[in-house]
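Undergrad: What follows is a single structure, and I will ask about it in a moment.
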Amino acid sequence: MDLEAELAAARALDVAAIADAIESIGFECTRCGHCCRGTDEADHTATVFPDEIRTIQDGDEYDWRDVARPMPFGLTEPDDGPATGETFEWALATDACGDCTFYDREGEACSIYERRPLICRTYPFSLAIEDDGAELSAPMGEVVDREGAVQAHECEGLGRDISRADAIELAETLKRRAVRELQEAIGVRDNYEPTDIDGIVVHDSEGQKRPDGTRIRE
Ligand code: SF4
């Protein structure tokens, strides 16, 4: 299935059926903060799309780099020099502990809750439009359960009762995320150009960018 077909399939998803699957799996956030923190093995890595970065920036409250870092996959980080290479998309910025920079450990809360990206709004679920299809924003945790197209990733809140209203709201957001990530994947594909530029180049749906979010070519 090509990306356009996956996008059409995502748009045709039945919200009620997604909600049924979420209800069957069960979920309630325990506010453990696990999905906002890094692990001993890896820094927190969650995809954030360009428009979501600008929403979090909220005008000039944050610089681009305060919000996002180049997705680390594909980059080379030598001990004796700056990182180089090409990568696709952006990850939420991390602090010195490898946690999401917006996670408030003391308050055990997200400091940008109302502006958090779709991947955070829908954790611990994702949708598999097809088994090996585009998955630009898969959450960090392993898939531990699946009902139809709904996948559940590692989370201590799984298996808890969820109201129908909350399941519907989560299902709608999950569908919105699936459509949005496929639109993004199509934009990345259509705007991709090979580059021989030094340093780090990030390819997103808007073209090639520097790590500070500025465009390399207009
Ligand atoms: S943006 Fe908020 S919800 Fe998302 S990972 Fe960071 S602290 Fe957690």
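The values are calculated or read from the model by the stated rules, or taken from the named source; none is laboratory data. All figures in this text were calculated on a predicted structure; none of them were measured in a lab. Note: ideal-geometry Cβ built from the backbone for every residue, glycine included; neighbour counts use all protein chains shown.
Undergrad: Of all residues being farther than 21 Å from Val188 by Cβ and at pLDDT below 90 in region 107-130, which is surrounded by the most Cβ atoms within 10 Å (Cβ to Cβ)? Just the residue, please.
TA: By that ranking, first place goes to Glu108.
Undergrad: Next question. Out of the residues in region 60-82 that are touching a strand residue (DSSP E or B) at 6+ places or on another chain (Cβ under 6 Å) and in contact (Cβ under 8 Å) with a residue 60 or more places away in the chain, state the one that is farthest from the ligand (Cβ to nearest atom).
TA: It comes out as Leu75.
Undergrad: For the condition hydroxyl-bearing (Ser, Thr, Tyr), more than 24 Å from Leu75 (Cβ to Cβ) and within 16 Å of the ligand (Cβ to nearest atom), what is the one hit in Thr122, Thr94?
TA: When all the criteria are applied, what remains is Thr122.
Undergrad: Looking at this structure, is Thr55 modelled with pLDDT under 90 and under 30 Å from Pro211 (Cα atoms)?
TA: The answer is no for Thr55.
Undergrad: Consider region 17-52. How many of its residues are assigned to a loop (DSSP other than H, G, I, E, B) and out of contact with any strand residue (DSSP E or B) (no Cβ under 6 Å at 6 or more places or on another chain)? Walk me through how you get there before you give the answer.
TA: Of region 17-52, the ones assigned to a loop (DSSP other than H, G, I, E, B) are 26, 28-33, 37-46, 49.
Adding the requirement that they be out of contact with any strand residue (DSSP E or B) (no Cβ under 6 Å at 6 or more places or on another chain) leaves 26, 28-33, 37-42, 49.
Residues in region 17-52 being assigned to a loop (DSSP other than H, G, I, E, B) and out of contact with any strand residue (DSSP E or B) (no Cβ under 6 Å at 6 or more places or on another chain): 14 in total.
Undergrad: Restricted to region 53-82, and to residues that are of a type outside the set (D, E, K, R) and part of a strand (DSSP E or B), which residue is surrounded by the most Cβ atoms within 10 Å (Cβ to Cβ)?
TA: Result: Ala68.
Undergrad: So which residues in region 158-200 are at pLDDT 95 or above and not in a helix (DSSP H, G or I), if there are any at all?
TA: Leu158, Gly159, Arg160, Asp161, Ile162, Ser163
Undergrad: On to the next question. Tell me which residues, restricted to region 83-100, are among the small types (Gly, Ala, Ser), assigned to a loop (DSSP other than H, G, I, E, B) and touching a residue at least 40 places away in the same chain (Cβ under 8 Å).
TA: Ala83, Gly98
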